[in-house]
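Asks: Can you read through this structure? Questions will come right after.
The values are calculated or read from the model by the stated rules, or taken from the named source; none is laboratory data. In this text the structure is predicted, and so the values were computed from the model without any measurement. Note that each Cβ is placed from the backbone with ideal geometry, even for glycine, and that neighbours are counted across all protein chains shown.
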Amino acid sequence: MADLSDPDLGAAYYRSSDPIKNLKIRVKLSRISSSNIVPQGKLEQDGSNLEMQKVQESMQDIEERVFEWQQKEFSKREIDLYQNIANCTSQLEKDYHAKVTELLNKGQQHNRLFTYVDHDRFSQQDEAVFFMTNSPNETPTILSDKMSHLRRRKIGGGKKARERGGAFVPKLNIVEETPSDDLRNKNHIMAAPAQVMYIMADLGPKDRPFEEGDEVDLCSLQLDANGVLCMRPDFNRGRKPYVAETSSLGREVFEYTIEHNSKVMSRQEQDKELKMYREIYSRHKDFLSTCVGHEFELPPPEVLRLMVCGEIEKARNFEYDDLYIHFFVDIPKNWKVDGHQQLSWVTQTCATKVEGRDNVAHFSYPFEFEMFYKDESYVDENKDSFPHFPFILMEVLSLDSWNRFRTEGYSYLAIPPRPGVYKETVNCWRPLGSNFVSEMRRFFIGGSPELEDLTYTAIPSTFDGPYLSKYGFRTESTGSVDVKFNVIMQSRSFLERKATKKSLGSLLDTLGINTVQQNIQSVLEAFKKARQRMVIARENATRELLKDSKHQNELFSRSKR
């Protein structure tokens, strides 16, 4: 089992919303020599021991630097290269020549630690090379080299070109015969553009000219467009230092540490940033509210809104190849749709392939439609107690390269009366002819018995009765169609408080009879008002009769006097 204090050589990923320019990394490099491996005894306080101590400190060769993102520091090789203007051809190299000349004029000495930034050739020379053959003499063309740099992808485990013993870079296999699941997920979406930076070290002696194996990659950083920073290796965080060994004859060993040296935000700065983010989110929320509005779209009262979003996934085990599906929505009674809405679709033609024991044709054809239900009829004996939901009628067809047209099957799909996500497998059938001639015609020249009315696959449009019988109709089972769809329902009745204690069926029943109840209620209200008027008229008539009789009695009494 590995010790927890051992250095972590793997890659670490960080995501931060702060600008990358605030990133600072401190690297400390020291050479391991006999003076600091062997424990030192107690030094005496004489001049010779003090001189020996100075020599030992000089042999330790310790260097420490702090690097920022895309901070360019030149190596000994680059200083020797760019100090001669004849070696500079591009504008970037000329800029490097000016900076190197300025450093030499200041008398700045050479440091072991340096960097390669995103614009340097070192940052792309390995990852962008793709070879098409296994020949060691193959070199990429200018076009392939330029195209490979349009969008770089991180391949492999970092820069190891200078540690390889071969004479050429190993080939990168572009086509993977048996890709793994991780490779599929990785290459499913093209990687975002990225910037790279390498912190390097020149481990060769300072008094010796540059050699190929002196430069060692200490740390590589990659930042993509999504703000994810990949760092290899990770910060030490108190672990043991990393070890680097030269490939020269001396085989000198160096150890180095990588620490995070960015400025830490104070408490006041954190509170200020949090307040700023809250204000930004509040403004963004107000902007979205302004765009969307405060009123939620609702269907009219006593109306059920039905929305279906689905997909014809695949067809399986049909007799012939080159399949396509024609399907449409059958609108039952009391359902209405908008005039501009599409209710009929035809998929693309798909060739089948073998998956296990099935011949499968993948369509992945999307569809959607919207309907409204409102029952405006009065209650009668033939009225259904529950509303009929729409049907999706399907017709599977085939058309080969010889233009032979065949009907492969019919079927239908009933929309469930409950909202949710559904995945259905619809079995198909096709009608048979009365003799073998129709089958021979189907095989040689195409053509087969068809239905004049496609609604016959479910409930015929001309049928009006309590029972339906299809006895005597000769058919043959064919393949199946897989359909995945979502059912969404919306109604004002769902908002009522009493609706929370009722089932969906009772709500639909309520939607179906609410109109009838309203009509009956209006009749009862009219009858009640008429009865009230009749009672008032009767009271008025009685009052008039009593008044007339009283007046007659008074006249009769006067006449007797």
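Asks: Any idea which residue in the stretch 394-405 is surrounded by the fewest Cβ atoms within 10 Å (Cβ to Cβ), counting only those that are under 39 Å from the mean Cα position of the chain (by Cα) and outside any loop (DSSP other than H, G, I, E, B)?
Replies: Within the stretch 394-405, the match that is surrounded by the fewest Cβ atoms within 10 Å (Cβ to Cβ) is 399.
Asks: Another question about this same structure. Across the stretch 423-443, which residue is farthest from residue 404 (Cα to Cα) among those that are of a type outside the set (Phe, Trp, Tyr) and assigned to a helix (DSSP H, G or I)?
Replies: This residue is 437.
Asks: Only one of these conditions is not met by residue 226: (1) in a loop (DSSP other than H, G, I, E, B); (2) modelled with pLDDT under 75. Which number is it?
Replies: Going through (1) in a loop (DSSP other than H, G, I, E, B); (2) modelled with pLDDT under 75 one by one, residue 226 breaks only (2).
Asks: On to the next question. Among the listed residues 283, 278, 237, which satisfies the condition of being assigned by TED's automatic domain parsing to the domain that holds residue 205 and either part of a helix (DSSP H, G or I) or without any contact (Cβ under 8 Å) to a residue 24 or more places away in the chain (or both)?
Replies: Matching residue, one of 283, 278, 237: 237.
Asks: State which residue is surrounded by the fewest Cβ atoms within 10 Å (Cβ to Cβ) when the search covers only the stretch 433-455 and only residues that are touching a Gly at 6+ places or on another chain (Cβ under 9 Å) and under 19 Å from residue 473 (Cβ atoms).
Replies: Step by step, filter the stretch 433-455, then rank; the result is 439.
Asks: Test residue 473 against the criterion of being aromatic (Phe, Trp, Tyr), surrounded by 10 or more Cβ atoms within 10 Å (Cβ to Cβ), part of a strand (DSSP E or B) and modelled with pLDDT of 85 or more, and give yes or no.
Replies: In short, no.
Asks: Moving to a separate point now. Quickly run through the stretch 296-308 and pick out the residues that are farther than 15 Å from residue 388 by Cα and surrounded by 15 or more Cβ atoms within 10 Å (Cβ to Cβ).
Replies: 299, 302, 308, listed by residue number.
Asks: To continue, here is another question. Can residue 512 be described as touching a strand residue (DSSP E or B) at 6+ places or on another chain (Cβ under 9 Å) and at pLDDT below 80?
Replies: So residue 512 fits the description; yes.
Asks: With the condition kept exactly as written, say whether any residue in the stretch 58-76 is part of a helix (DSSP H, G or I), modelled with pLDDT under 90 and under 51 Å from the mean Cα position of the chain (by Cα).
Replies: For the stretch 58-76, residues part of a helix (DSSP H, G or I), modelled with pLDDT under 90 and under 51 Å from the mean Cα position of the chain (by Cα): present.
Asks: What's the total number of residues in the stretch 406-418 that are assigned to a loop (DSSP other than H, G, I, E, B) and hydrophobic (A, V, I, L, M, F, W, C)?
Replies: Total satisfying the criteria: 1.
Asks: Does any residue of the stretch 286-306 turn out to be within 30 Å of residue 335 (Cβ to Cβ), modelled with pLDDT of 90 or more and either in contact with a strand residue (DSSP E or B) (Cβ under 6 Å, 6 or more places away or on another chain) or outside the structural domain of residue 395 (by TED's automatic domain parsing) (or both)?
Replies: Scanning the stretch 286-306 turns up at least one residue that is within 30 Å of residue 335 (Cβ to Cβ), modelled with pLDDT of 90 or more and either in contact with a strand residue (DSSP E or B) (Cβ under 6 Å, 6 or more places away or on another chain) or outside the structural domain of residue 395 (by TED's automatic domain parsing) (or both).
Asks: If you don't mind, there's one more thing I want to ask. Somewhere in the stretch 353-363, is a residue within 15 Å of residue 394 (Cβ to Cβ), in the same structural domain as residue 446 (by TED's automatic domain parsing) and without any contact (Cβ under 8 Å) to a residue 60 or more places away in the chain?
Replies: Yes: the stretch 353-363 contains one or more residues that are within 15 Å of residue 394 (Cβ to Cβ), in the same structural domain as residue 446 (by TED's automatic domain parsing) and without any contact (Cβ under 8 Å) to a residue 60 or more places away in the chain.
Asks: Regarding residue 19, is this residue outside the structural domain of residue 214 (by TED's automatic domain parsing), at pLDDT 60 or above and within 37 Å of the chain's Cα centre (by Cα)?
Replies: no
Asks: Can you name the residue in the stretch 80-121 that is closer than 29 Å to residue 31 by Cβ and surrounded by 18 or more Cβ atoms within 10 Å (Cβ to Cβ) and, of all such residues, is nearest to the chain's Cα centre (by Cα)?
Replies: Result: 116.
Asks: Could you tell me whether the stretch 34-50 includes any residue that is among the small types (Gly, Ala, Ser) and modelled with pLDDT of 70 or more?
Replies: No, the stretch 34-50 contains no residue that is among the small types (Gly, Ala, Ser) and modelled with pLDDT of 70 or more.
Asks: Residues of the stretch 476-496 being farther than 26 Å from residue 326 by Cα, outside any helix (DSSP H, G or I) and small (Gly, Ala, Ser), which ones?
Replies: Matches in the stretch 476-496: 491 only.
Asks: Quick one: would you say residue 329 is within 16 Å of residue 485 (Cα to Cα), more than 29 Å from the chain's Cα centre (by Cα) and either in a strand (DSSP E or B) or of a type in the set (Lys, Arg) (or both)?
Replies: Taking the combined requirement at face value, the residue satisfies it.
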